[in-house]
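Have a look at the structure below, then the notes.
The values are calculated or read from the model by the stated rules, or taken from the named source; none is laboratory data. Everything numeric in this text was worked out from a predicted model, so none of it was measured. Glycine also receives a Cβ, built like all others from the backbone with ideal geometry; neighbour counts cover every protein chain displayed. Quick note on the areas: whole protein, heavy atoms, side chains included, nothing else; ligands and nucleic acids left out. Shrake-Rupley method; radii C 1.70, N 1.55, O 1.52, S 1.80 Å.
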Amino acid sequence: MEDITATILVVDDDRDIVAAIAKLLELEGYKTVRAYDGIEALEKLSENDIQLILIDVMMPRLDGLSAIMKIRDRRNIPIIVLSAKSEDTDKILGLSMGADDYITKPYNPMELTARVKSSLRRYMQLGDIGNINKTDVIKIGGLELDKGAKSITVDGAPVKLTATELKILELLMENAGRVFSAEEIYRKVWNEDAYAVENTVMVHIRHIREKIEIDPKEPRYLKVVWGIGYKIEKNI
């Protein structure tokens, strides 16, 4: 599936902003669905085949962060938070709730479309069941990644990861034992230049640990090499 066929849900209580973003995306060839609060976003998600969500934080009825938590219970599609809040703590909070990326207002149209394309590329690649190779499996201890089916199991139990989380884990498992800096991970997974990305990568690493480790505070697989980066243990 190509990016051009994707349908994007745009959510913001400012109708002018929704209209402007929708028009920008439609000029890029995407289909758009519009919603103006978190409740309506959940309804639109149920009614439409959505591949990516752009969502504001501060909205009536149900705010963006609460909506993201509910969406993550249903779907693993990319979510990009679009908010006027630019502080690191707000970005980390958004990512902690399950967002894949964060863009601050006023947004740069070229940056917005680039982030959308990058997120969709990761998601579409992970959803491409036409290229499944059942022998393309990486096993490290009880961790098993099927690169073809784009699935992960821990001690035989399936684990639900987002597209971004799975891409990070695939990178680390393919290079088990090698330490990757946050900047390296960001460049390889997001396909963008890395500037002040430590917090973004850290939050995704924490999510992965919470899902694959019995005790995330004493990880068996995904280790931090302090001051350098992250790695998957090779010999377990």
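For the chain, what does the accessible surface come to per residue with a 1.4 Å probe? Please give it in Å². List each step's numbers first, then the result.
Numbers: 11420 Å² over 236 residues.
Ligands and nucleic acids excluded, the result is 48 Å² per residue.
Residue ranking by accessible heavy-atom surface, 1.4 Å probe, largest first, among S96, S46 comes out as S46, S96.
For the chain, what is the relative contact order in percent, using Cα pairs closer than 8 Å and at least 6 residues apart in sequence?
On the way: 394 pairs, mean separation 32.7, N = 236.
Here the relative contact order equals 14 percent.
Computing the accessible area with a 1.4 Å probe over protein heavy atoms, can you report the carbon and sulfur percentage for the chain? Display every interim value, and only then the final one.
Numbers: 5650 of 11420 Å².
That share works out to 49 percent.
Ignoring lysines fewer than eight residues from K23 along the same chain, the ones with Cα atoms less than 25 angstrom from its Cα are K31, K44, K85, K105, K117.
Of all DSSP beta bridges confined to the chain, the antiparallel ones make up roughly 50%.
Look at the dipole of the chain built from charges on Cβ: of I205, S96, A114, the Cα furthest out on the positive end belongs to I205. For Cα Rg over 2.2 N^0.38 Å, the candidate list reads (i) 1.01; (ii) 1.21; (iii) 0.96; the entry that matches the value derived from this model is (i).
Compute the distance from the alpha-carbon center of the range 213-229 to that of the range 39-56, in whole Å. Taking the Cα centre of the range 39-56 as reference, the centre of the range 213-229 is 34 Å away.
For K223, the lysines whose Cα falls under 29 Å of its own Cα, not counting residues fewer than eight places away in the same chain, are K91, K134, K139, K147, K150, K160, K167, K188, K211, K231, K234. Where only DSSP H runs of four or more residues are counted, the chain gives -13000 deg cm²/dmol as its mean residue ellipticity at 222 nm, each run worth -39500 (n - 2.57).
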